[in-house]
1. Please identify the trypsin sites (Lys or Arg not before Pro) of the stretch A:1-70 that satisfy two criteria: DSSP loop assignment and at most 12 other Cβ atoms within 10 Å. Which are they?
2. Dipole of chain B, Cα-centred, from +1 at each Lys and Arg C-beta and -1 at each Asp and Glu C-beta, to the nearest 20 debye?
3. Counting only helical runs of four or more DSSP H residues, what would the 222 nm mean residue ellipticity of chain B come to if each run contributes -39,500 (n - 2.57) and the total is spread over all its residues?
4. Could you work out the relative contact order of the stretch A:81-170? I mean the mean sequence separation of Cα pairs under 8 Å and 6+ apart, divided by the number of residues, in percent.
5. Let me know the volume per residue of the alpha-carbon convex hull for the stretch A:28-169, in Å³.
6. Measure nothing fancy, just the Cα-based angle from helix A:66-80's long axis to the longest principal axis of chain A, in degrees from 0 to 90, nearest 10.
7. Could you work out the relative contact order of chain A? I mean the mean sequence separation of Cα pairs under 8 Å and 6+ apart, divided by the number of residues, in percent.
8. What does the net charge come to around residue A:117 if you take all other residues with beta carbon closer than 11 Å to its beta carbon, with K and R at +1 and D and E at -1?
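Derivation of every value follows stated rules applied to the coordinates shown; laboratory data play no part. Keep in mind that what you see is a predicted model, and the values were worked out from it rather than measured. Positions of Cβ are backbone-derived with ideal geometry, glycine not excepted, and every protein chain shown enters the neighbour counts.
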Amino acid sequence: MIIENIGTFSAPSLIIIILIFAIKSRINIFDSFIKGAKEGLECMISILPAIIALITAVTIFKSSGALEFTIKLLNPIFSLLKFPKECIPLIIMKPISGSGSNAILNSIFESNSPDSYIGKLSSIISGSSEAIFYIISTYCGSIKLKNTKNIIIFALISFLVSILFARIIC
Amino acid sequence: MLGKVWAGMIISSFFCALINNKINLLGNAILEGTDQAINIILITSGAIIFWSGIMKIAQDSGFTRAISKLLFPVLRILFPDYAQKNNILDFICINFVSNIMGLNNAATPSGIKAIKFMQNMNEISKKKLLEKNAAIFLIMNMSCIQIAPTFLVALRKSFGSNTPYEILPKMWATSIIFLLTGIILIKIFLKNKNKQKNNIIIYDN
């Protein structure tokens with residue numbers, strides 16, 4: 001009960017702490033807000049094409065029966081770890097792309113309530129890590145590093161351990 | 001990578017539809033998908049734009065800086081090699097706090113600066129191999145502990161969740177497990193390498 005309330009209180013209390021801090025530091029609060037909100041709007045516009053591409057692909061994948069087939073194919077492996085079969089596509093997509101996993105999360109929520117076990121587990125899987133391959137390509141690209149095999153293996157193992165943990169506590 | 005996955009999904013869907021005799025559904029699916037994408041953006045954008053504004057206030061008022069300072073001792077333990085090099089720790093702090101607060105615009109530039117410093121300090125394996133601390137830093141970026149995961153919460157709300165925020169503590173715990181597992185893996189792997197290579201910090205084969 002208390003733990004669930006921490007989540008509910010975190011957002012409003014964060015806002016209040018930030019605003020009190022801002023009043024003390026005497027900046028122009030409203031100008032800052034508008035500036036930031038504009039950046040947020042630009043961010044939304046910049047992810048729109050990716051979201052359209054990926055949600056459409058997921059919808060096509062789902063309606064053609066390909067999703068069902070993939071789940072059937074991978075279910076033996078993931079059922080060993082006791083993951084519900086609805087979460088398999090999300091687990092595959094999460095390390096590859098943030099927008100892609102959002103698209104899959106959306107399709108999971110269409111058939112499972114966000115408050116159900118599957119809904120909660122999927123939310124945790126999608127929110128608890130960043131797209132591994134995206135981070136590696138951004139940062140290792142910036143230092144022109146080609147040999148990334150080990151960090152990829154470490155990251156994928158850590159990801160698997162963390163989602164196993166999520167399944168147990170969920 | 002993503003491009004191939006994306007194209008692969010659509011192409012395999014076509015063949016699957018052919019086998020399952022659902023080819024007539026494909027055209028509809030395209031329209032449905034684009035429709036849904038716009039819907040999602042519209043539903044979640046209000047929350048995201050609002051939080052961007054709040055986080056900008058946090059940035060401008062020096063709140064992120066203050067939090068960074070609080071984290072300094074923790075990061076000093078995590079990166080003992082840089083205990084005397086405050087500028088690197090500074091970049092790591094800004095990157096970490098920006099990630100926590102969902103300020104991606106601020107997180108990536110400071111992160112790139114930090115990893116460049118780390119990699120340049122590593123004389124022996126410069127450019128060819130990833131440095132140990134840089135590896136831990138990457139894991140830190142991947143495990144993204146977010147105080148306010150706006151998109152996720154907004155999406156949960158839009159699908160009728162009564163308690164959209166409820167999952168947050170469990171989500172943070174999962175992120176921390178990700179981070180710890182990664183650090184442990186890197187540390188164990190390195191110990192063996194160090195013995196072989198006479199205490200030279202090399203991470204990779």
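1. A:26
2. So the dipole magnitude of chain B works out to roughly 820 debye.
3. My calculation for chain B gives -26000 deg cm²/dmol from helical runs alone.
4. 31
5. Once divided by residue count, the hull of the stretch A:28-169 is 161 Å³.
6. 90
7. 17
8. Cβ neighbours under 11 Å give a net charge of 0.
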